[in-house]
Every structure is written in C-alpha cells, then in structure tokens.
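These notes concern the structure reproduced below.
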Amino acid sequence: MLDNLETIAQNDPSGMFEAVYNLPEQIQKAYEIGKNISVNVKAEDIDKVVITGLGGSAIGGNLLRVFVLDKCKIPVIVNRDYVLPAYVDSKTFVIASSYSGNTEETLSAYQDAKAKGAKIIAITTGGKLKEFAEKDGFDVITIPSGLQPRAALGYSFIPLLMLFVKLGLIEPVDDQIEETVKVLSDLRERYKPEVPEEKNLAKRLTLKLWNKLPIIYGISGTTEVIAERWKGQICENSKSPAYFNVFSELNHNEIVGTESPKHILGLFEIVMLHDTEDHKRNAIRMDITKDLIKGVVSGVNDIYSIGNSRLARMFSLIYLGDYVSLYLATLYQNDPTPVKKIDILKNKLAEIKD
C-alpha cells in the first residue's frame with residue numbers, strides 16, 4: 001500500500017505530504033523572517049526566558065530550550081499552562097507562541113505576563129494574540145498562515161533561534177541553518193512516496209510500527225523533545241496512540257514495567273533515537289535497556305541522526321518521524337490533516353464561560 005501513490009493521494013486530500021516535503025523551503029523562509037526581526041528588548045535587561053505555548057507551538061520553544069542548553073547563560077523555560085510561574089517578573093522575557101493566535105491557554109498566559117510586568121514578544125500568524133500584543137505595544141513576529149501548527153515547525157522555531165542570536169544570547173547559527181536545509185532536501189528525496197519501500201527507511205519503519213503501539217525513547221539534553229515530537233505527530237497525523245520517554249529517567253521506573261501483561265508488551269514497538277552528542281553513559285544505558293527488553297516487546301529500532309551541526313541532526317530525526325506519521329495515516333486509511341477531536345474539544349470549551 002505504501003508504494004501505491006494513488007492510495008496515498010486519496011488519503012491526503014489536504015496535502016500534508018506536500019507540507020512536510022516543503023519543510024526545507026519553510027526553514028529558509030523562516031530564516032529570512034528571523035533576520036528581519038525587530039525587538040526592543042536588551043539582553044542585559046532580562047535574567048530568564050519563558051516560552052509559553054501549547055502543541056505544535058510549544059514544540060518549537062522546547063526545541064529551542066534544548067538547542068541552547070549549553071550555549072545560553074540564562075534559564076530558558078517552556079510553559080504549557082493558563083498561568084505563568086510566580087518567578088515571572090519585569091526581568092523575564094516572555095515569548096507567547098501560538099500559530100493561530102487564538103490558543104486560549106496562551107492568551108491567558110499572555111495576560112498573566114502583562115500583569116506581572118514581563119517583557120513580551122508574540123510569535124503568531126495573527127488572531128487575538130497579535131491584536132493584543134500590538135495594542136499593548138509589544139513586538140510581534142508574524143509568520144505565514146495556512147498550515148496546521150504541527151506542519152509549521154520551521155516557522156515556530158527558526159525565528160526564535162534568530163531572536164536569540166539578535167539578543168546576543170547565542171552565537172550566529174547561519175551555517176547550521178544552511179546545513180539543515182541541505183540535509184532535509186536530501187532526506188526528502190529518500191523518504192518521499194515515490195521512493196519504493198525497499199529503499200525508503202521511513203516506509204520500512206512505518207511497517208514495523210503498524211498495528212503496534214509505538215514507544216519513542218530519547219535522551220535528556222539531546223533527543224528528548226524529538227521523541228516528544230514523534231509521539232505528537234503519530235497521534236495527530238495517523239490518529240493512533242504513541243508514547244515517549246527519556247533516558248536516563250526511564251531507567252529509574254519504566255524499565256521495571258516490562259514484565260506483564262505479556263500480551264500487551266508484545267505489541268510495543270520501540271524506537272530509540274540516537275545522536276552524536278548523547279552523554280556516553282546514556283548511550284550505554286540505551287544498549288543495556290535494549291538487551292533487557294528485546295525478548296519482551298515486539299521490536300527495537302535504532303535511529304541515528306544525520307548531519308554535522310546540532311541543528312541539522314535534530315531536524316534529520318524530526319523529519320523521519322514526520323514522514324513515518326504520514327505513512328501510518330495511509331496504512332490506517334486516515335486523512336492526516338483534520339484533528340476533529342481537538343476541534344470538538346475547543347468548541348465545547350468555547351460554550352462554557354467562566
């Protein structure tokens with residue numbers, strides 16, 4: 001089925017495969033947006049950064065948190081709530097991220113940031129968030145609309161990366177962005193539907209995950225957010241469950257939960273994400289864990305990042321997960337674009353007034 005281009009097209013009327021294929025161009029456009037950011041905040045006036053958002057918008061912030069972990073001298077925190085932590089104050093730089101501009105938790109957190117006297121910038125396509133920020137005199141990074149938030153990761157992440165460069169919080173990343181575009185441009189020619197299964201890693205891995213429960217394992221400080229991204233993409237695009245966890249934390253609890261019930265554990269298909277910057281002790285943990293669970297779970301798949309720079313390697317893993325989630329949607333005969341249950345939930349929430 002995965003080599004049948006007609007079937008893939010029929011299951012994807014809104015063009016999610018095309019959106020994923022165009023990620024390299026999106027990153028390039030996002031880079032141009034980032035170069036033109038104007039911000040009135042100075043690095044010496046802030047002592048922490050809080051990125052507030054949900055879903056696809058939060059992933060961009062979380063990727064940034066991991067990317068700058070060993071580069072940025074001030075804390076970078078991701079908030080996924082209606083309110084902000086008590087430590088947010090006038091020395092805090094709050095980045096309110098909502099692709100639609102209408103995410104109710106982000107709008108609430110924005111108002112909280114304003115009340116706490118924080119310095120604020122919004123990144124959005126429009127909506128109430130842009131309206132509020134402009135009215136209140138805060139900077140806005142406006143990104144292109146027309147995509148599902150989860151398909152706009154380049155727009156949600158790259159401008160924030162460039163913002164950190166402009167503030168002097170990290171060194172320039174131009175070369176890393178250039179390499180990322182090149183790596184993804186090469187990978188899409190390996191993962192696209194026209195490439196047959198025997199030569200297409202994305203399709204082969206999809207077949208292993210089909211009718212199984214995908215469990216994605218990453219490593220703290222390198223692939224943790226990428227594992228979370230895989231989980232979210234599989235859930236939203238293929239409309240099937242997936243879970244993720246992170247080394248070394250999972251070795252202190254989850255590893256023990258692999259003894260029973262055996263008929264359920266036998267449906268677990270594990271994906272382990274590897275990167276050259278993984279802590280060597282965590283890499284060893286991965287190998288030992290794989291030996292411990294091999295005879296219990298359906299299978300274990302080792303996936304390695306590609307590229308020289310940190311940014312290229314991160315996106316190489318993200319890109320494979322995006323394609324796998326779309327091929328799973330094909331096998332389950334689901335249109336990857338609609339998220340009907342999220343829409344229903346939002347509508348029901350809108351009917352309930354505080």
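Quick look at the numbers
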quantity	calculated
Selection from segment 19-56 of residues that are within 23 Å of residue 235 (Cα to Cα) and out of contact with any helix residue (DSSP H, G or I) (no Cβ under 8 Å at 6 or more places or on another chain)	22
Checking residue 158 against (1) touching a residue at least 24 places away in the same chain (Cβ under 8 Å); (2) open to solvent by 10 Å² or more (accessible area, probe 1.4 Å); (3) of a type outside the set (Gly, Ala, Ser), the condition it does not meet	(2)
Members of segment 31-52 found to be among the aliphatic types (A, V, I, L, M) and crowded, with 20+ Cβ neighbours inside 10 Å, listed by number	49, 50, 51
Cβ-Cβ under 6 Å pairs, at least 6 apart or on other chains, segment 114-126 side in the same structural domain as residue 104 (by the TED database) and open to solvent by 40 Å² or more (accessible area, probe 1.4 Å), far side in a loop (DSSP other than H, G, I, E, B) and of a type in the set (Val, Ile, Thr)	116/88; 119/41
Residue 278 being in contact (Cβ under 8 Å) with a residue 24 or more places away in the chain, buried (at least 17 other Cβ atoms within 10 Å of the Cβ) and over 18 Å from the mean Cα position of the chain (by Cα)	yes
Of residues in segment 187-242 being part of a loop (DSSP other than H, G, I, E, B) and among the small types (Gly, Ala, Ser), the one farthest from residue 69 (Cα to Cα)	240
Identity of the residue in segment 75-104, out of contact with any strand residue (DSSP E or B) (no Cβ under 8 Å at 6 or more places or on another chain) and over 23 Å from residue 167 (Cα atoms), that ends up least open to solvent (accessible area, probe 1.4 Å)	103
Residue count for segment 187-210, restricted to those that are without any contact (Cβ under 8 Å) to a residue 12 or more places away in the chain and under 25 Å from residue 264 (Cα atoms)	1
Some residue of segment 93-101 being in a loop (DSSP other than H, G, I, E, B), aliphatic (A, V, I, L, M) and over 23 Å from residue 235 (Cα atoms)	no
Residue in segment 7-30 that is closer than 14 Å to residue 164 by Cβ, out of contact with any Gly (no Cβ under 9 Å at 6 or more places or on another chain) and open to solvent by 30 Å² or more (accessible area, probe 1.4 Å) present	no
Selection status of residue 269, surrounded by fewer than 18 Cβ atoms within 10 Å (Cβ to Cβ), of a type in the set (Asp, Glu) and either touching a residue at least 12 places away in the same chain (Cβ under 8 Å) or outside any loop (DSSP other than H, G, I, E, B) (or both)	no
Helices (runs of 4 or more DSSP H) lying entirely in segment 1-67 (those with 1 or more residues that are among the aromatic types (Phe, Trp, Tyr))	16-21, 23-35, 55-67
Search result, residues across segment 272-291 that are part of a helix (DSSP H, G or I) and of a type in the set (S, T, N, Q)	282, 289
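Results for (1) within 23 Å of residue 203 (Cβ to Cβ); (2) surrounded by 16 or more Cβ atoms within 10 Å (Cβ to Cβ); (3) of a type in the set (Asp, Glu), shown as yes or no for each residue.
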residue: 217; (1), (2), (3): yes, yes, no
residue: 222; (1), (2), (3): no, yes, no
residue: 239; (1), (2), (3): yes, yes, no
residue: 244; (1), (2), (3): yes, yes, no
residue: 259; (1), (2), (3): no, no, yes
residue: 274; (1), (2), (3): yes, yes, no
residue: 292; (1), (2), (3): no, no, no
residue: 296; (1), (2), (3): no, no, no
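The values are calculated or read from the model by the stated rules, or taken from the named source; none is laboratory data. Remember, predicted model here, so these are calculated numbers, not experimental data. Neighbour counts run over all protein chains shown; Cβ positions are idealised from the backbone, glycine included. These accessible areas exclude ligands, DNA and RNA; they are computed on the full protein's heavy atoms, side chains included. Shrake-Rupley method; radii C 1.70, N 1.55, O 1.52, S 1.80 Å.
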